[in-house]
1. Give me, ordered by chain and number, the residues 5 or more places off Ala112 or on other chains with an amide H under 5 Å from its own placed amide H.
2. For a quick check: with amide H placed at 1.01 Å from N, whose amide H comes under 5 Å from Asp98's, ignoring anything fewer than 5 positions away on the same chain?
3. Taking H placed 1.01 Å from N in the peptide plane, check which residues at least 5 places from Leu56 or on another chain put their amide H under 5 Å from its amide H.
4. Can you give the extra length, in nm with one decimal, that the chain gains between Ala32 and Thr178 once fully stretched, where that is 0.36 nm per residue apart less the Cα-Cα distance?
5. Mind putting a number on the dipole of region 50-117 about its Cα centre? Charges go on the C-beta only, +1 for Lys and Arg and -1 for Asp and Glu, and I need it in Debye to the nearest 20.
6. Just to confirm a number: summing +1 for Lys and Arg and -1 for Asp and Glu over residues other than Arg20 whose beta-carbon lies under 11 angstrom from that of Arg20, what do you get?
Amino acid sequence: MTLITRAAAAAARAQHVRQRADRPSHRRSAEAAGSRAVARVPATLALRESPSGGGLLEFTGHASVYEAGYEMWDWYGPYTEIVSFGAAAESLARADLDVPLVLAHDQLRRIARTTTGSLILAEDDTGLSVRAPELDPTDHDVAYIAPKLRAGLIDEMSFAFRLEQGQWSPDYTEYRITRVDIHRGDVAIVGYGANPHTDAGMRSAPPATSRARALLEHALAR
């Protein structure tokens with residue numbers, strides 16, 4: 001049934017989409033018309049106590065896994081979406097980049113933010129890398145999510161972005177995203193997801209010298 005639905009959706013797109021560079025109409029992550037247009041990805045988690053003490057926690061993960069297909073929906077039905085390597089490079093290079101790490105895309109449940117230096121975003125060999133090196137465990141939202149991450153009850157991430165450029169496959173069953181704008185979007189820890197491919201983790205923050213070394217290595221890698 002899913003194959004028939006995909007085939008019918010692709011046939012409708014082929015008839016009505018003017019050109020392959022057109023973006024999906026009514027893009028969303030589920031069949032329901034009101035679903036958010038975000039890509040969610042499952043994550044593997046690691047949470048441990050800091051050997052250095054201090055009580056701070058470090059969160060790491062991937063809000064998007066590149067070159068890995070996941071199901072999305074548009075006006076005509078389901079299709080496969082893929083984010084290309086480098087899709088966020090231009091956006092991440094902004095000097096004024098403003099992206100928070102939030103719970104469930106709730107903008108009032110922020111636990112880190114690029115503008116304060118508490119959130120580091122980058123592209124690596126996997127996808128959109130997320131690192132919050134010094135989360136405060138006394139923060140209400142950090143205290144809420146940490147035990148759920150430890151228990152494996154929450155193990156997925158997502159990111160909200162503006163789709164700037166992409167292209168449909170010749171048969172209109174797949175849409176490849178080649179450029180996104182994540183400025184004033186978000187990266188989120190979520191429940192269920194559409195893209196089955198990420199990794200994430202939370203652990204105690206390393207000593208200051210280790211953090212500085214990690215930041216230097218991060219800068220050199222870019």
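1. Excluding prolines and chain starts, which carry no amide H, the hits are Leu101.
2. Arg184
3. Close amide H contacts, sequence-distant or interchain: Ala205.
4. Working it through step by step, the gained length comes to 50.0 nm.
5. Numbers: 4 positive and 9 negative charges, 72 e Å.
That gives a dipole near 340 debye.
6. +1
Laboratory data are not the source of any read-out in this text; all were calculated from the coordinates shown. Everything numeric here is computed off the predicted structure, so don't read it as measured data. Counting neighbours? That spans all protein chains shown, and the Cβs are built from the backbone with ideal geometry, glycine included.
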